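In what follows, a structure is listed as structure tokens, so that the remarks can point back to it.
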Amino acid sequence: MPHFMIDYSGNLETDVDIQELCEKLRETAAGLACFPMAGVRVRATRVDYYAIADGNPDHGFIDISIRLRAGRPDDVKQDAVSRLFDVVQDYLAPAFEKRSIAVSMEMRDIDPDLSPKSGTIRKYLKDTE
């Protein structure tokens, strides 16, 4: 953990490189001590059917959900979400100049007792933790 899920309106693809946004989030998260690099997952889902605000089809949105195992202190989570949101805001600054975009981010804890994990990623990392 953590897992980053990005939902975005498909009309943003002309102004926002979503793959690069994923990489910016991955890179930032992997650099924060509170997130084990081997657990970072970022994925994006294009949404083609949506309605926003006054119904203007030119409006766009990016909604980022962050799920992570419970146990981190609130101040650590607040610092992480602030840093990540700043990275997103900075990355989107050029697109904000061109169009209306609603951006949101939410971090949620997952109960570790109800979230079993398995995998071999750590085995294949060059720099193991």
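Every read-out reported here was derived from the displayed coordinates using simple, explicitly stated rules and does not represent laboratory data. Predicted model, so just to flag it, every value in this text is computed and none were measured. We place every Cβ from the backbone using ideal geometry, glycine too, and count neighbours over all the protein chains shown.
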(request) Calculate, for Glu20 and Arg108, the FRET efficiency according to 1/(1 + (r/R0)^6) with r their C-beta to C-beta distance and R0 25 Å; round to the nearest 0.05. (result) 0.50
(request) Positive end of the charge dipole of the chain (Lys, Arg +1 and Asp, Glu -1 on Cβ, about the Cα centre): tell me which of Pro2, Tyr49, Pro112 has its Cα farthest that way. (result) Pro112
(request) Express in nm, to one decimal, how much length is gained between Glu97 and Glu27 on full extension, taking 0.36 nm for each residue of separation and deducting their alpha carbon distance. (result) 22.7 nm
(message) Let me check against my output: what whole-number percent is the relative contact order of the chain, with C-alpha pairs under 8 Å and at least 6 apart?
(response) 34
(message) Restricting to Cα pairs below 8 Å that are 6+ residues apart, what does the relative contact order work out to for the stretch 15-88? Please round to a whole percent.
(response) 42
(request) Would you give the gap between the C-alpha center of the stretch 91-109 and the C-alpha center of the stretch 17-36, rounded to a whole Å? (result) 15
(request) Go through the stretch 1-64 and name the chymotrypsin sites (Phe, Trp or Tyr not before Pro) that are in a DSSP coil and have 11 or fewer other Cβ atoms within 10 Å of their Cβ. (result) Tyr49
(request) Could you tell me which label, among (i) -0.48, -1.09, -1.15; (ii) -0.40, -1.29, -1.39; (iii) -0.43, -1.17, -1.24, carries the value of log10 I(q)/I(0) by the Debye sum over Cα atoms at q = 0.11, 0.20, 0.21 Å⁻¹ calculated for this structure? (result) (iii)
